[in-house]
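Student: Attaching a single structure in structure tokens format; questions to follow.
The values are calculated or read from the model by the stated rules, or taken from the named source; none is laboratory data. No experiment lies behind these values; they were computed from the predicted model shown. Neighbour counts run over all protein chains shown; Cβ positions are idealised from the backbone, glycine included.
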Amino acid sequence: MTTKYESADLLLKLYDLRREAVLRKARAWFREQFRPQSAQEVLTVYRGKHSTPYRMVTTYWNMAAALVLHGAIEEQMFADVNGEHVMVYGRLQPFLGELRAALHNPGYLDHLEKLILRMPDAQARLARVRGMSAPAGRPARPKRPGKAA
């Protein structure tokens with residue numbers, strides 16, 4: 001297990017990665033445009049022109065979750081300063097079983113899933129995320145004022 005200082009240092013490094021221009025653009029795409037309604041839609045993105053931003057976002061958050069699960073970052077500290085990973089998982093969770101089968105990868109996004117489901121308020125947070133994710137063709141709820149990316 002890491003010290004509080006080491007956890008904070010790793011969290012700041014993860015934050016710096018989030019600010020990198022290509023990942024920032026990928027995160028904006030995922031947040032603002034990616035609202036799949038089926039596993040097939042996810043697979044189309046996974047294999048299509050938006051594969052790069054999709055994979056950047058999903059692998060970033062799965063990696064961050066792995067760091068937490070393996071004790072490199074203190075779990076509560078991570079939960080206190082992040083929320084985007086809940087949105088990412090919330091948008092994909094309904095399709096994970098089908099995705100894992102189609103990709104022949106039973107561990108696809110497993111670290112992210114484990115971390116989210118360990119949260120005491122996981123189901124309530126996922127319900128909020130799903131309520132904020134409008135179906136294709138409808139705008140999502142507006143961002144809260146002062147909410148940083």
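Student: Determine which member of the set Met56, Met87 is out of contact with any strand residue (DSSP E or B) (no Cβ under 6 Å at 6 or more places or on another chain), in contact (Cβ under 8 Å) with a residue 12 or more places away in the chain, closer than 20 Å to Gly131 by Cα and not small (Gly, Ala, Ser). Even if it seems obvious, please write down each step before you answer.
Tutor: Working: Met56 fails: closer than 20 Å to Gly131 by Cα.
Answer to the check: Met87.
Student: Of all the helices (runs of 4 or more DSSP H) wholly in region 1-93, which have at least 2 residues that are of a type in the set (Lys, Arg) and modelled with pLDDT of 95 or more?
Tutor: Values: elements: 4-19, 21-33, 39-47, 51-69, 75-81, 84-92.
Here the list reads 21-33.
Student: Yes or no: region 22-37 includes at least one residue that is surrounded by 16 or more Cβ atoms within 10 Å (Cβ to Cβ) and more than 28 Å from His104 (Cβ to Cβ).
Tutor: yes
Student: Being in a helix (DSSP H, G or I) and either in contact (Cβ under 8 Å) with a residue 12 or more places away in the chain or of a type in the set (Ser, Thr, Tyr) (or both) is the filter here; which residues of region 98-109 pass it?
Tutor: Within region 98-109, Glu98, Leu99, Ala102 qualify.
Student: Checking Leu99 against (1) surrounded by fewer than 16 Cβ atoms within 10 Å (Cβ to Cβ); (2) under 19 Å from Gln40 (Cα atoms); (3) over 15 Å from the mean Cα position of the chain (by Cα); (4) not small (Gly, Ala, Ser): exactly one of these is not met. Which one?
Tutor: Among (1) surrounded by fewer than 16 Cβ atoms within 10 Å (Cβ to Cβ); (2) under 19 Å from Gln40 (Cα atoms); (3) over 15 Å from the mean Cα position of the chain (by Cα); (4) not small (Gly, Ala, Ser), Leu99 violates only (1).
Student: If Gly71 meets every condition in (1) touching a residue at least 60 places away in the same chain (Cβ under 8 Å); (2) at negative phi; (3) more than 13 Å from the chain's Cα centre (by Cα) apart from one, which number is that one?
Tutor: Going through (1) touching a residue at least 60 places away in the same chain (Cβ under 8 Å); (2) at negative phi; (3) more than 13 Å from the chain's Cα centre (by Cα) one by one, Gly71 breaks only (2).
Student: Quick check on Asp110: is it of a type outside the set (S, T, N, Q), more than 25 Å from Asp16 (Cβ to Cβ) and either surrounded by fewer than 12 Cβ atoms within 10 Å (Cβ to Cβ) or at pLDDT below 95 (or both)? Steps first, answer last, please.
Tutor: Values: of a type outside the set (S, T, N, Q): yes; more than 25 Å from Asp16 (Cβ to Cβ): yes; either surrounded by fewer than 12 Cβ atoms within 10 Å (Cβ to Cβ) or at pLDDT below 95 (or both): no.
No: the conditions fail for Asp110.
Student: Taking Ser133, is it surrounded by 11 or more Cβ atoms within 10 Å (Cβ to Cβ), modelled with pLDDT under 95 and of a type in the set (Ser, Thr, Tyr)?
Tutor: Working: surrounded by 11 or more Cβ atoms within 10 Å (Cβ to Cβ): yes; modelled with pLDDT under 95: yes; of a type in the set (Ser, Thr, Tyr): yes.
Judged against the criteria, Ser133 is a match.
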